[in-house]
Amino acid sequence: GWGYDFKQYGIYRLLVKKAKIKILDENRVASWNNRYLVLKVLEWDAGQKELEALAAYLQQPKYIHTQRGDFLLNRQYKWYEMKTPDCGFTLDADEGSDETCEAALATYKKHEMNMPELDRQLRAYAAGHMLDTANDWLGDADEEPITAEQFADRITLSELAFRNDGSIEAYYDDGDIFWGHCIIV
């Protein structure tokens with residue numbers, strides 16, 4: 001076989017070769033040139049106190065407590081996440097930080113106790129902007145066009161994402177208006 005089976009938070013000593021530097025187009029981030037090829041594992045359980053302490057820290061859950069529930073930091077995606085019976089929520093980490101989310105949290109707290117009103121506004125916005133397209137998608141020419149009210153009633157909020165620039169993205173299940181696609185507002 002090829003490749004290695006590294007365990008998450010494992011500490012290894014490796015012999016590596018840096019990838020060739022490439023001129024990057026606008027769609028690539030600079031970290032693209034920070035890639036290495038593992039040539040050989042020199043030590044599988046390389047004990048080092050600083051790295052062991054960092055690994056232990058990274059394995060500890062980090063929460064933000066709110067009135068609606070607790071957000072848990074997902075370090076892989078750099079956001080906090082919370083699931084409630086009616087919706088999922090994410091808070092983006094602040095720019096330049098892996099663990100704080102002050103900007104997204106401030107926006108969340110503005111709406112925290114009035115989520116039904118935010119949902120109503122977002123549904124009305126989606127219906128106002130997508131109604132013509134929805135009626136174009138009707139499968140049967142004999143079907144009656146749907147109204148803005150029917151559109152808003154059929155879509156279901158699945159997730160609210162609070163971004164680190166203060167914006168909000170809402171993800172709605174389309175109620176089969178668009179044959180199972182997601183609506184992002």
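No value in this document is a laboratory result; all are computed from the given coordinates. Only a predicted model underlies this, so the values are computations on that prediction, with no experimental measurement involved. With ideal geometry, Cβ positions are generated from the backbone for all residues, glycine too; neighbour counts draw on all protein chains shown.
Dipole check for the stretch 13-56: with +1 at the C-beta of Lys and Arg, -1 at the C-beta of Asp and Glu, and the Cα centre as origin, the magnitude is about 320 Debye. Working from Cα pairs under 8 Å separated by at least six residues, relative contact order for the chain is 15 percent. What separates the Cα centres of the stretch 33-48 and the stretch 92-143 is a distance of 43 Å.
How large is the helix-only mean residue ellipticity at 222 nm for the chain, computed as the sum of -39500 (n - 2.57) over DSSP H runs with n ≥ 4, divided by its residue count, in deg cm²/dmol to the nearest 500? Provide the component values of the computation, followed by the final result.
On the way: 4 runs with 49 residues, N = 185.
Helices in the chain give a 222 nm mean residue ellipticity of -8500 deg cm²/dmol.
Rg/Rh for the stretch 13-56 (Cα atoms only, Rh after Kirkwood) is 1.14. Look at the dipole of the chain built from charges on Cβ: of Gly47, Ile23, Leu73, the Cα furthest out on the positive end belongs to Gly47. Most simply put, the chain has about 85% antiparallel DSSP beta bridges, counting only bridges with both residues inside it. Extents of the stretch 91-185, taken as max minus min of Cα coordinates on every principal axis and listed largest first, are 54, 24, 17 Å.
Taking every alpha-carbon pair under 8 Å whose residues sit at least 6 apart, the stretch 13-56 reaches a relative contact order of 49 percent. Kirkwood radius and radius of gyration were both taken over the C-alpha atoms of the stretch 39-97, and their ratio Rg/Rh is 1.16.
Calculated translational diffusion coefficient of the chain (4 °C, 1.567 mPa s; Stokes-Einstein with Kirkwood radius over alpha-carbon pairs) equals 63 µm²/s.
Rounded to the nearest 20, the Cβ-based charge dipole of the chain about its Cα centre (Lys and Arg +1, Asp and Glu -1) stands at 1680 debye.
Pairs with C-alpha atoms separated by more than 27 Å, drawn from the list Lys49/Lys83; Lys62/Lys83; Lys7/Lys62; Lys17/Lys62, are Lys49/Lys83; Lys17/Lys62.
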